[in-house]
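Just so it is clear, none of the values below were taken in a lab; they were calculated from the coordinates. Bear in mind the structure is a predicted one, so any value in this text is a computation, not a measurement. Quick reminder, even Gly has a Cβ in these numbers, built from the backbone with ideal geometry, and neighbours come from all protein chains shown.
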Amino acid sequence: MEMPGGNADTNHGRDAGSASPGWYAVPGPPGTLRYWDGAQWTNAVHQPQPWQQRQQQPQPWSAPRHLEQSPSGPPLRLPWWQTWYAVVPGLLLCAPVGLIGLWMRKGTQFNLRVVLTIMSIGLLLVGAARSGTNSSTTQAILPVATNAAVTRPTTSPSVSSTPVAVAVPQLSGLTQSAAQSELTRLGLALGTVTARPSAQPVGTVLSQSAAQGTRIQPGTRVDLVVASALPTVPAVTGKSQTEATRILQAAGFVVSVTRETATQGVNGAVLRTSPSVGASVEPGSSIELVVLAVVAKVVDSAPNCTPGYSPCLPPASDYDCAGGSGDGPKYVRGPVYVTGSDPYQLDGNDDGVGCEKN
């Protein structure tokens with residue numbers, strides 16, 4: 001870097017007022033800069049980081065001879081009469097005298113006196129503030145260096161980077177192992193795996209906690225729900241209705257009962273189920289139990305008895321009371337109880353008993 005107005009060689013002998021304020025190369029590690037405020041060297045020194053030294057090779061510049069300092073010498077200083085603590089008090093002492101003379105001089109316009117007074121006070125305030133803050137402002141920008149030789153950093157700066165979010169892939173339909181491999185490839189982690197009975201092949205991913213396309217940070221866990229085998233209908237044939245119902249309900253099924261009658265067998269025993277034993281069904285499905293209900297065997301009435309009489313009268317063309325005037329051909333001795341109709345007209349007085357006199 002060169003000072004304005006010439007190169008490093010031509011500026012070697014310039015006085016303090018020939019260079020404008022700025023950063024200039026000084027003796028030390030390559031790329032070391034020091035701030036020149038236009039009148040003197042400041043204590044602000046900028047030394048590049050190790051990775052910058054390969055890129056920045058500023059052209060060295062020799063300071064004015066009367067402003068040079070040795071690497072181990074004290075900071076450069078101006079003559080006392082050029083410092084702010086000499087200039088500002090001088091202005092404060094001289095300005096009031098000039099203002100008094102201005103106001104005492106006759107013939108000067110009043111407006112001109114006011115304007116000159118305000119300008120003088122403003123210049124005093126600006127000069128005092130600028131002189132008092134010049135050094136501290138410059139030192140706040142960069143680290144202060146008391147010597148030209150600045151210690152080289154021994155450690156490389158840490159470079160922090162924000163992890164880039166990744167999109168969650170489609171995992172449903174994959175096997176559990178394939179889904180885990182895909183998550184690992186993208187820098188994600190496998191979370192909790194929950195098994196759920198399904199008609200899908202065992203181990204197939206049914207759902208995922210983070211939807212496909214969702215962007216999440218690397219290392220985030222993704223939970224999976226995978227398929228497990230469907231439950232089968234337990235073997236309950238031959239068991240009682242009560243026991244079979246308990247077994248099916250414990251397996252997660254809903255039970256319904258249908259009865260089938262028979263004249264023999266174990267009453268209340270399970271004959272079969274629907275769906276059949278061993279069938280794979282969804283949890284919560286309804287299982288029908290077919291239970292045996294034993295009933296007594298129905299005995300048919302004798303085929304050789306005429307209905308309506310007790311005791312039995314085998315069928316005939318006609319019956320008459322024995323010892324009576326009837327001509328048969330069949331006779332019966334009483335009493336005969338009429339329990340229905342009286343086709344043989346044995347109950348002549350309709351009292352329900354026939355042939356009672358025999």
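For Thr263 and Ser285, a Förster radius of 30 Å and the Cβ-Cβ distance give a FRET efficiency of 0.35, rounded to the nearest 0.05.
Zone of Thr242 (label point 7 Å along Cα→Cβ, backbone N under 15 Å): which residues in segment 260-297? Counting only backbone N, you get 267-270.
Cβ-to-Cβ counts within 10 Å put Trp36, Trp23 in ascending order as Trp23, Trp36, the fewest first. Remark: C-alpha extents of segment 241-294 on the principal axes read 36, 17, 15 Å, sorted largest to smallest. Whole-Hz Karplus ³J(HN,Hα) for segment 173-184, in order, using 6.51 cos²θ - 1.76 cosθ + 1.60 and θ = phi - 60°, x for Gly and Pro? For segment 173-184, the Karplus curve yields x, 7, 6, 4, 5, 5, 5, 5, 5, 5, 5, 4 Hz.
Using r as the Cβ-Cβ distance of Asn304 and Ser209, and R0 as 56 Å, what FRET efficiency do you calculate, to the nearest 0.05? Efficiency computed from Cβ-Cβ geometry: 0.10. Test of understanding: extend the Cα→C-beta vector of Ser172 to 7 Å, then name every residue of segment 184-199 with backbone N under 20 Å from that spot. In segment 184-199, the label zone of Ser172 (backbone N under 20 Å from the point 7 Å along Cα→Cβ) covers 190-199. Subtracting the Cα-Cα distance of Leu112 and Ser317 from 0.36 nm times their residue separation leaves 57.1 nm of extension gain.
Among Cys321, Cys94, Cys305, the ranking by other beta carbons within 10 Å of each residue's beta carbon, starting with the fewest, stands as Cys94, Cys305, Cys321. Summarising the amide proton neighbourhood of Val193: residues at separation of 5 or more, or on other chains, whose placed amide H is nearer than 5 Å comprise Leu224. Using a Förster distance of 25 angstrom, determine the FRET efficiency expected from the C-beta separation of Ser181 and Ala229, and round it to 0.05. E between Ser181 and Ala229, to the nearest 0.05, is 0.60. Post the alpha-carbon centroid distance, segment 180-199 to segment 304-358, in whole angstrom. So the separation of the two Cα centres works out to 94 Å.
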